[in-house]
Amino acid sequence: MEKPEMIFKNYNSTCESNSYAYNSKKYELEDQDAEDNFRRKLKFYFMNPCDKFKARGRKPWKLGLQILKIIIITAQLVSFGLSNQMVVAFKEDNLNAFKHLFLRGYTYKLEDNFAVYTKKDFFESISYAVGDLIDVLFLQYLHLPNVSVGNHAYEWNGEEYPGLIICQELYMNSSIYPGNETFDIDTKIETDCLNIKPDVPTENEMLRNDKFNYSVDFQRLLSVNIYFTLKAVNLQAIRNNELPDCYDFNITIRFINNAYSGRIQVMLDQDVGINECKELKVSGSIQRNTPYLVLFDTFIILACLGSLILCVRSVINGLQLQYEYITFYLTRYNKTVPFSDRMEFVNGWYILIIISDILTIIGSILKIEIQTKNLTNYDVCSILLGTSTMLVWIGVIRYLGFFQKYNLLILTLRAAFPNVIRFCCCAAMIYFGYCFCGWIVLGPYHVKFRTLNTVTECLFSLVNGDDMFPTFKEMQQKSHLVWLFSRVYLYSFISLFIYMVLSLFIALITDTYETIKQYQREGFPQTELHLFMAECKDLPSSGRYRIEGESPVAAFCCCNRYVYVI
C-alpha cells in the first residue's frame with residue numbers, strides 16, 4: 001500500500017500535466033482563432049461591394065460616388081466643350097480674317113509655304129498690311145473699320161490709340177561677298193522700331209526719315225515684325241443664352257529671313273485675351289449663367305474630394321494589410337511573401353481614381369477661373385478635364401470586373417501587359433533603327449522624312465496600312481541610287497512590320513485571350529495568398545465578418561478598426 005505522501009505527489013504531478021495540456025490546447029485554439037480571423041479580414045478586403053454589404057452592411061460609398069462622378073463630370077465636360085467650341089471657332093474665324101486682310105496674296109493653300117521672294121514683294125506686303133506708304137492711303141490697318149466686314153476696332157487705353165509698331169531686327173554689321181567666298185559679320189543684333197497711330201495720319205512723315213525709311217539692308221536683315229492689337233465682341237454667344245465677351249487680339253506679322261536663302265517666310269499669329277465687357281445692354285431674357293456654373297463646378301470639386309479621401313483611405317488600408325500579411329506569413333510559416341502576392345494589396349484602380357480626382361479638382365478650379373475671366377487659357381483646362389473624364393470612365397471598369405461575363409477584357413489586358421511591354425521594347429529597336437536611317441538618307445529627297453517627328457509619323461502610318469502609295473510616289477528621283485534605296489527601305493519595312501511584327505503582336509494578345517477563357521472554364525491558378533484565404537469557407541451572409549460594436553459612422557470613417565492578434 002502506497003504512502004499518503006506518494007499519493008499526494010502523484011496527484012500533484014497529474015494535475016500539473018493536465019493543466020499544461022489544457023493551457024497548450026487553449027493557446028493553440030487562440031492561435032487558430034486568430035488565424036481564422038485574419039483569413040476573414042483578408043477575404044473581406046478582397047470582396048466586391050455587394051459582398052461587403054452582405055458581410056458587414058457597409059454602404060458602397062465609392063461605387064455610388066463613381067457613378068455620380070460619371071454623370072456630373074461628363075455634364076461638366078460637355079458644357080465646357082460647347083463653350084470652348086464657340087470660343088475656338090470665333091478665334092479661328094478671326095485669325096483667317098486677319099490673314100486675308102493683312103497678308104497680300106494670301107490663300108489657304110499657301111498656309112505653310114506663304115513667303116516673298118523679291119524686294120518688291122517684300123515692301124508691297126508691308127505696305128499692304130499697314131497702308132500705302134507712298135500715297136498715304138492707309139487702306140488696311142489705318143482704315144480697318146471701313147475695310148473689314150467684322151466688328152473690329154482699335155485698342156484704346158483711355159487716352160490714345162497705341163497704334164501699330166513695326167520693328168526690324170538686323171545684325172550690327174554684315175558684309176557678304178558670295179562671289180569671292182568671303183564675309184564679315186557682327187552677330188550682335190539691333191532693333192529699330194516705328195510707331196504708327198491710326199488717329200494721327202500726319203505722322204506718315206516719320207516713315208521717310210533716316211531712322212527707319214524702309215531702306216532695308218537685306219544682307220543684315222533677320223526679321224521684320226509688325227505688332228498691333230484689335231478688339232472685337234463675340235456676339236454669337238447670345239444664341240446660347242449667354243452674354244457676349246470682349247476679345248483682345250494681339251496680332252503679330254513676321255517676315256522671317258533667318259536662313260538668308262532668298263525666301264522670306266511670312267507668318268501671322270495672334271494671342272487672344274478674353275475679358276468681360278464693361279457695359280452690356282441686351283434686350284430680352286438673356287442673362288449670364290456663370291454663378292450657376294460656378295456652383296455646379298464647386299459641387300463637382302466636393303464630390304471628387306470625397307472620392308479622393310475614400311480612395312486614399314482604401315490604399316492606406318491595403319498597405320497596412322499587406323504589412324500585417326507579410327508579418328503573419330513570416331512569423332507563422334517562416335517564409336517571405338512573393339512579390340506578386342504583395343502587389344495584390346496595391347489596388348491600381350484606386351490609384352487611377354485618385355489621379356482622376358486630382359485632375360478633375362485642378363481642372364474645375366481652372367474652369368471657374370476661366371468663367372470669371374481671371375484666366376483665358378483653355379488648353380490646360382481642356383487637357384485636365386478631358387484626361388480626368390477619360391480616367392473616370394475607365395475606372396468604372398473595375399466594378400464591372402467583379403462579374404465574370406464582363407471582366408474578360410480586364411483580365412486579358414492585365415495578363416498580356418508584361419509580355420506586350422517586352423515585345424514592344426524589342427520591336428522599338430527595329431522601328432527606331434528604320435526611323436534614323438530614313439531620316440538621314442531619304443530626308444533630302446522626301447518631304448515626309450525631313451524631320452524625325454515626320455519620319456516616326458510616316459512609318460507609323462505605314463504600319464497601319466495608311467498612306468502607302470503617296471509615300472512611294474512622292475519620292476524624288478534626283479538620285480537614282482537614293483531612289484533605289486528608298487524602294488528597298490520601304491518594301492522591307494512594310495513587309496517586316498505588317499507581315500511579321502504586327503502579326504506576332506496580334507497573336508500575343510490572342511493567345512492570352514484564349515488562355516483567360518480556358519482559366520474561366522477550368523479555374524484560375526491559385527497563388528499562396530488565394531490558397532490561404534480559400535481555407536475560410538464563411539459566406540458573406542454568414543454574419544462571421546461583422547465587427548462587434550461597429551457603427552455605420554465608424555465603418556465609413558474607419559475609426560473603429562478590429563485588431564487581430566497574430
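Solvent-accessible surface of the stretch 277-395, taken per residue with a 1.4 Å probe and all protein chains present: 55 Å².
Quick one: which of K197/K278; K335/K405; K62/K367; K119/K197; K43/K517; K69/K373 span more than 28 angstrom between C-alpha atoms? Write out the running numbers ahead of the final one.
Details: K197/K278 24 Å; K335/K405 36 Å; K62/K367 25 Å; K119/K197 26 Å; K43/K517 25 Å; K69/K373 26 Å.
Over 28 Å apart, Cα to Cα: K335/K405.
Rolling a 1.4 Å probe over the protein heavy atoms of the stretch 400-521, with every protein chain left in place, gives an accessible area that is 69 percent carbon and sulfur. Each part reduced to its alpha carbon centroid, the stretch 385-401 and the stretch 257-272 end up 44 Å apart.
Amide H contacts under 5 Å for S174: D186, restricted to partners 5 or more places along the chain or on a different chain, H placed in the peptide plane at 1.01 Å from N.
Of Y292, Y171, Y329, the order by accessible heavy-atom surface (1.4 Å probe, DNA, RNA and ligands excluded), from most exposed downward, is Y292, Y171, Y329. Using a probe of 1.4 angstrom and keeping all protein chains present, the accessible surface of the stretch 440-488 works out to 62 square angstrom per residue. Phi angles across the stretch 532-545 convert, under the Karplus curve 6.51 cos²θ - 1.76 cosθ + 1.60 with θ = phi - 60°, into 3J(HN,Hα) values of 5, 6, 5, 5, 8, 9, 5, 7, x, 8, 6, x, 6, 8 Hz, Gly and Pro given as x.
The values are calculated or read from the model by the stated rules, or taken from the named source; none is laboratory data. Owing to the predicted nature of the structure, the values given are computational and were not obtained by experimental measurement. With ligands, DNA and RNA removed, areas are computed over all heavy atoms of the protein, side chains included. Shrake-Rupley method; radii C 1.70, N 1.55, O 1.52, S 1.80 Å.
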